[in-house]
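J.: Just dropping this structure here.
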Amino acid sequence: MSDTLARPMRFGSNSGQPLTRRDGIAKVTGAATFAGDNSPEGLLHAVFVPATIARGHVTYLDVESAERHPGVTCVLTPQNRPPLQGDPSAKPTMFSFRIEVLQDDTVRYAGQPIALVVGETLEAATEGARLLSPRYEVEPVRTSLDDNEAFGFEPAGFGLPAGAEHGDVEAGHAASAKSVDVTYETAAQYHNAMETHAVVASWDGDRLTLDMPSQALMMSCAGYANFFGIPPENVTLSSPYLGGGFGSKAFVTGPQVLAILAARMAGRPVKLMLTRQQMFGPVGHRGATRQRLRLGIDENAELTVIDHEGLAETSTFDDFVEPAANASQGLYAARALRSTHRAVRLDIGTPGPMRAPGEASGSAALECAIDELAELAGIDPLECRLRNYAETEPGTGRPYSSKALRECYSQGAARFGWADRPLEPRQVRDENGLLTGWGMGTAFFPAPMFAAEATATLRPDGTALVETSAADMGQGAWTALAQIAADSLGLPMDKLEFRAGHSSLPDGGIAGGSGHTATAGGALHAAGTDVVQQLGQIAAADPASPLHGAGNGRFVARESRIYLEGDDTRSEAFADIMARTGSAEITGSGSASRPPEDAERHAMSSHGAVFAEVKVDPELGQMRVTRLVGAFAAGRIINPRLAESQLMGGMIWGISFALHEEAKFDHRSGRIVNADFAGYHVPVNADVQGLEVITVHEDDPFVNALGIKGVGEIGVTGTVGAIGNAIRHATGRRIRRFPIRVEDLLAG
Amino acid sequence: MPHSITLTVNGRAHEVHLDDPRVTLLDLLRERLALAGTKKGCDRGQCGACTVLVNGRRANSCLMLAATLDGCEITTIEGLSEGGDLHPVQTAFIENDAFQCGYCTPGQIMSAVGLIAEGRAGDDPERIREGMSGNLCRCAAYHGITLAVQEATRRMAKDEMEDAA
Ligand code: FES
Ligand code: FES
């Protein structure tokens, strides 16, 4: 982050350590520039008008009043919106969603943009938007899972997940000595990164410059270019910082397209920042689910079958079905496994991936259902999970690339004090008479890789420049990726200049799916290694070098020296090699992705165990998570400080899922009634106490060259179930609907 | 109706000509005074991202109309470490990893500075959690935030004692 820091670095050196964030000073001084902080010369402000009905047509907009308002420069409606080259209903790539860009007067969900007002000031544009006073022709709405018919589908692309089936499911049911048949529900949730979606767009001829938070810079460039009929390379996108993403900032959105269009029409830069309320609609969400789990065990409490059916909401016009049932694949050693998905079309914005898509909702239900079985069998929940420990991937029999889940269970249980847990529920009260319960859940998340590229340039002065368009949305890419690059080049951190977050750099891929550190880090590692091999070869060819003649070997770099691998007696300093050869700079490039044969050979996942203590007021039903211990095995941890923060963040998302978050619909109007931070609850500081994270050592020689899995999402999984199970243990009540509310505990 | 007010922002007096009575303190800072360090998370007093100090007390700047603040003294995140040395709260935030994306951070830090000045929480974690609960963090860096405020509180108390001695 050297290019944006106003002050010299005082924190952050020594590769391999739990470094503090390299962008720390920028972030604590207000110098970190988020998209909406930019105000180029001649800036106009845009505000979009969200539909206040969920289905029907806009019949009237008071354009005249809006246009007359002082300072309003343009009112964009379906009547006057200039043509766009891209078709908003098309899905040109796997990750494209259908969007609303004023293509007609139809309203498909509440919060959909129905007009855009541009003004000289934010105040003028805001008032102009209000003055439009839309009128509608309203049609009946469908916003609950029971409001429309469920349908099955052929798996396709990104939004229509394939299920899976292994073994004889019917035989598994028949063979069970005991079984549960339970249905769990999870609520619709909205990402709500603290930074709302924003864009500052300026045009210069057919060149477009965007300041915009993006989890996938190159994909965003191509996506927006498509709408304006320009080649992707004409788009310059800067996204040095994202104020949180959680899956919502990887895709093209309608409001952002409209702001870019407004900038082109005005010939001036335009800024659009969504309001908090506008985050509940056009920018994705985690769809509500209803999941039926039918699980059977034999006399030894070994699973004969896991049969997991997911029902999820999607919009009337596009497909993103929460792949919740797939959370039951890959984890427990059931003799037969089945995951199926169905969907319901509702008058809502299209759902999308939100932190641990599928796994979060699926794990919530699965981990509770496993506890229900343990209770039936009369055994401890941890014992039940150990009896069903999968040594190889269930169904496929593939070996895991690594799996230290047993260690997660034992270390987490020891730290938590799990051994003292009474088997029966409602046994323990604390000194204040609060019901106290302990629950656990297994955490599980795949370790994918995408594709990324990077370059590294070693300069004659002994410093290096490394570049990739990676995005830091808070996970710590600025720091962890720089650490990887410094290691591969054998340089201390202060000799490294790291550039990221800009579309002019090599494609850093997607920051998502818990695969960014492995992927972008892999590319940086490869680029650094390339430089080191080049430098080694130069030395090997030089009779004056101690490495002369070693050209058949491989080279490694440490502390600004090149060594012949396996022979520490032969080495030479970078500076000496470069000084002698007079070579100006050495540039290497690298890329990373997972070879398909590697993916075939091993099952690759991160694992963990989460233990929760919950206290419940017996009269009032108030619940508080008072302790939460998570032990996670996620391959090699590049920076323990940042990894622990991410894991904790994920676990707090688990608290949120279990006890707080829910978009509440008025099913008559189809509007979300709690679409702001007063009504849509996320945890505050006072909701979080007694949090502990253990990172369990795991060496993984197969997952990728660096042995990295990923920690971004796994913290959410396991935690939700652990809290649900702790509430059961505290109160004797089994609530099968998330979030669990006071009224659920008070009811009958 | 144009309206002029005098504001002291981070120690500098500003003569502000308001051509629009609707401008909030937050938008004044961000859009008109080029002080975008203060963030907007909700624009209606529900998240704390816009926290600044007004006459030494923490306030949600999105809820204040600039026109009502004639003569006030405002401190924003940009004014906390003038001269190049970080404020103890800023240092403690870095050392305790009290943020991830950093978007809520200016507000958290200003809120922490205000809380410490209020002297109501001391270094008691439960009171700090309560006192910091007007500031949402979606990345959920709360564990680090509480540690950072505790640490800064102690450091500042120690510095004060040393200064007094
Ligand atoms: S922006 Fe002021 S409280 Fe949220
Ligand atoms: S650090 Fe991201 S919202 Fe607090």
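The values are calculated or read from the model by the stated rules, or taken from the named source; none is laboratory data. Note that the coordinates shown come from a computational prediction; the quantities given were computed from them, not determined experimentally. Here the Cβ positions follow ideal geometry from the backbone for every residue, glycine too, while neighbour counts run over all protein chains shown. In case anyone asks, the SASA skips ligands and DNA or RNA and just uses the protein heavy atoms, side chains included. Shrake-Rupley method; radii C 1.70, N 1.55, O 1.52, S 1.80 Å.
J.: For a protection proxy built on the mean count of beta-carbon atoms within 10 angstrom, sort A:674-680, A:111-117 highest first, please.
T.: A:111-117, A:674-680
J.: Quick one: net charge around B:ASP43, please, counting Lys, Arg +1 and Asp, Glu -1 for every other residue with C-beta under 10 Å from its C-beta.
T.: +1
J.: Another question about this same structure. Can you tell which of B:MET64, B:CYS42, B:THR6 lies farthest toward the positive end of the dipole of region B:3-79, using +1 and -1 charges on the Cβ of basic and acidic side chains (Lys, Arg; Asp, Glu)?
T.: Of the listed residues, the answer is B:CYS42.
J.: Stretch A:ASP598-A:ARG580 to full length: gain in nm at 0.36 nm per residue minus the Cα-Cα span?
T.: 2.3 nm
J.: Normalised radius of gyration for region A:52-123, please: alpha carbon Rg relative to 2.2 N^0.38 Å, two decimal places.
T.: This ratio for region A:52-123 stands at 1.26.
J.: Now a separate question. Restricting to lysines 8 or more places apart or on different chains, can you count the pairs in the protein assembly as shown with Cα atoms under 30 Å from each other?
T.: Lysine pair count for the protein assembly as shown: 23.
J.: Of B:GLU82, A:GLU559, A:GLU372, B:GLU31, which has the most accessible area with a 1.4 Å probe, and how do the rest follow in descending order?
T.: Ranked from most to least accessible, the order is A:GLU559, B:GLU82, B:GLU31, A:GLU372.
J.: Moving on. When only alpha-carbon atoms are used, what values of Rg and Dmax, in angstrom, describe region B:88-164?
T.: Rg and Dmax of region B:88-164, Cα atoms, are 11.6, 40 Å.
J.: Bin by bin, in steps of 5 Å, what percent of the Cα pairs in region A:362-454 do you find, going until the bin that has the longest distance?
T.: Pair shares across the bins are 2, 10, 17, 20, 19, 12, 7, 5, 4, 2, 1, 0.
J.: If you rank B:HIS17, B:HIS87, A:HIS197, B:HIS3 by how much accessible surface each has, with a 1.4 Å probe, what is the order from largest down?
T.: Largest accessible area first, the residues go B:HIS17, B:HIS3, B:HIS87, A:HIS197.
J.: Which value, in debye to the nearest 20, gives the size of the charge dipole of region B:88-164 about its Cα centre, when Lys and Arg are +1 and Asp and Glu are -1 at the Cβ?
T.: So the magnitude is around 300 debye.
J.: Each residue of region B:55-70 in order: what ³J(HN,Hα) in whole Hz does its phi give by Karplus 6.51 cos²θ - 1.76 cosθ + 1.60, θ = phi - 60°, with x for Gly and Pro?
T.: Once θ is set to phi - 60°, the couplings for region B:55-70 become 6, x, 10, 6, 8, 7, 5, 6, 9, 10, 7, 4, 4, 8, 10, 3 Hz.
J.: Treat every Asp and Glu Cβ in region A:569-629 as -1 and every Lys and Arg Cβ as +1, leave all other atoms uncharged, and give the resulting dipole magnitude about the Cα centre to the nearest 20 debye.
T.: I would put it at about 120 debye.
J.: If you average the C-alpha positions of region B:98-165 and of region A:93-151 separately, how far apart do those two centres end up, in angstrom?
T.: Distance between centres, Cα-based: 40 Å.
J.: Of A:GLN277, A:SER339, A:THR253, whose Cα points farthest to the positive end of the dipole of the protein assembly as shown (charges on the beta-carbon: +1 Lys, Arg; -1 Asp, Glu; origin at the Cα centre)?
T.: My answer, from the dipole projection, is A:GLN277.
J.: Still on this structure, I have one more. Go through region B:20-32 residue by residue and turn each phi into a ³J(HN,Hα) via Karplus (6.51, -1.76, 1.60, θ = phi - 60°); whole Hz please, and just put x for glycine and proline.
T.: For region B:20-32, the Karplus curve yields 8, x, 7, 5, 7, 4, 4, 5, 4, 4, 6, 9, 10 Hz.
J.: Based on the Cβ-Cβ distance from B:GLU15 to A:PHE158, what FRET efficiency comes out when R0 is 56 Å, to the nearest 0.05?
T.: 0.55
J.: Continuing with the same structure: Which residue, A:SER361, A:PRO381, A:ALA419, has the largest displacement toward the positive end of the dipole of region A:339-425 when charges sit on each Cβ (Lys, Arg +1; Asp, Glu -1)?
T.: After comparing all options, I get A:SER361.
J.: Leaving out ligands, DNA and RNA but keeping every protein chain, what accessible area does A:MET94 have, in Å² rounded to the nearest 10, with a 1.4 Å probe?
T.: Roughly 120 Å² of A:MET94 is accessible to a 1.4 Å probe.
J.: Compute for chains B and A the buried accessible surface, both sides summed, probe 1.4 Å, and express it in Å² to the nearest 100.
T.: The contact between A and B buries close to 4600 Å².
J.: When Lys and Arg each count +1 and Asp and Glu each count -1, what net charge do the other residues less than 12 Å away from A:LYS403, Cβ to Cβ, add up to?
T.: Neighbour charge sum, excluding A:LYS403 itself: -3.
J.: Still on this structure, I have one more. Using only helices, what value at 222 nm comes out for chain B when you add -39,500 (n - 2.57) per DSSP H run of length 4 or more and divide by the total residues, to the nearest 500 deg cm²/dmol?
T.: Using -39500 (n - 2.57) per qualifying helix, the result is -10000 deg cm²/dmol.
J.: Considering every pair of different Cα atoms, what Kirkwood radius, in Å, is found for chain A?
T.: 27.3 Å
J.: Using unit Cβ charges (K, R positive; D, E negative) and no other charged atoms, how large, in debye to the nearest 20, is the dipole of the protein assembly as shown about its Cα centre?
T.: 600 debye
J.: Whole percent per 5 Å bin, from 0 to the bin with the longest distance: what is P(r) over all C-alpha pairs of region A:581-665?
T.: Here the calculated profile for region A:581-665 is 3, 8, 13, 13, 12, 12, 10, 8, 7, 4, 3, 2, 2, 1, 0, 0, 0.
J.: Using only the Cα atoms of region A:667-741, build the gyration tensor, take square roots of its eigenvalues as a ≥ b ≥ c, and label the shape rounded, prolate or oblate: rounded if a/c is under 1.5, else prolate if a/b is larger than b/c, else oblate.
T.: Prolate is the answer for region A:667-741, as a/c is 1.5 or above and a/b outweighs b/c.
J.: Let me ask something else. In peptide A:182-195, how many Cβ atoms from other protein chains are near each Cβ within 10 Å, on average?
T.: Average neighbour count from other chains, rounded to a whole number: 3.
J.: Can you quote the Å³ per residue value for the convex hull of the Cα atoms in chain B, rounded to an integer?
T.: Roughly 112 Å³ of hull volume per residue.
J.: Turning to a different aspect of this structure: List every residue whose amide H lies under 5 Å from the amide H of A:THR236, counting only residues 5 or more places away in sequence or on a different chain, with H placed 1.01 Å from N in the peptide plane.
T.: A:LEU208, A:THR209, A:LEU210
J.: If ligands, DNA and RNA are left out, what is the accessible area of A:PHE158 with a 1.4 Å probe, given in Å² to the nearest 10?
T.: 60 Å²
J.: At 27 Å minimum axial length over the Cα atoms and a Kyte-Doolittle cut of 0.0, report the qualifying DSSP H helices in chain A, or say none.
T.: A:516-540
J.: Report, to two decimal places, the Cα Rg of region A:286-403 normalised by 2.2 N^0.38 Å (N = number of residues).
T.: Normalised Rg, Cα atoms only: 1.15.
J.: Express in whole angstrom the spacing between the alpha-carbon centres of region A:592-651 and region A:258-324.
T.: The two parts, judged by their Cα centres, are 21 Å apart.
J.: Moving on. How much mean residue ellipticity at 222 nm does chain A get from its helices, if each DSSP H run of length 4 or more adds -39500 (n - 2.57) and you divide by all residues, to the nearest 500 deg cm²/dmol?
T.: That calculation yields -7000 deg cm²/dmol at 222 nm.
J.: What ranking of B:LYS39, A:LYS664 comes out by heavy-atom accessible area, probe 1.4 Å, highest first?
T.: In descending accessible area the options line up as A:LYS664, B:LYS39.
J.: Where in region A:221-242 does the amide nitrogen come within less than 19 Å of the point 7 Å from the Cα of A:GLN103, taken along Cα to Cβ?
T.: A:222-230
J.: Next question. Sorted from largest down, what three extents in whole angstroms do the Cα atoms of region A:378-529 have along their principal axes?
T.: Reported extents, whole Å, longest axis first: 69, 45, 27.
J.: Tally Lys/Arg at +1 and Asp/Glu at -1 over every other residue whose Cβ is under 14 Å from the Cβ of A:ALA675; what's the total?
T.: -1
J.: If you don't mind, another one. Given a Förster distance of 45 Å, report the FRET efficiency between A:SER39 and A:LEU423 from their Cβ-Cβ distance, rounded to the nearest 0.05.
T.: 0.15
J.: What Rg and what Dmax come out for region B:3-79 when only alpha-carbon atoms are used, in angstroms?
T.: 11.0, 30
J.: Would you kindly find the accessible area of A:PHE153, with a 1.4 Å probe and non-protein molecules such as ligands, DNA and RNA excluded, rounding to the nearest 10 Å²?
T.: Accessible area, nearest 10 Å²: 40 Å².
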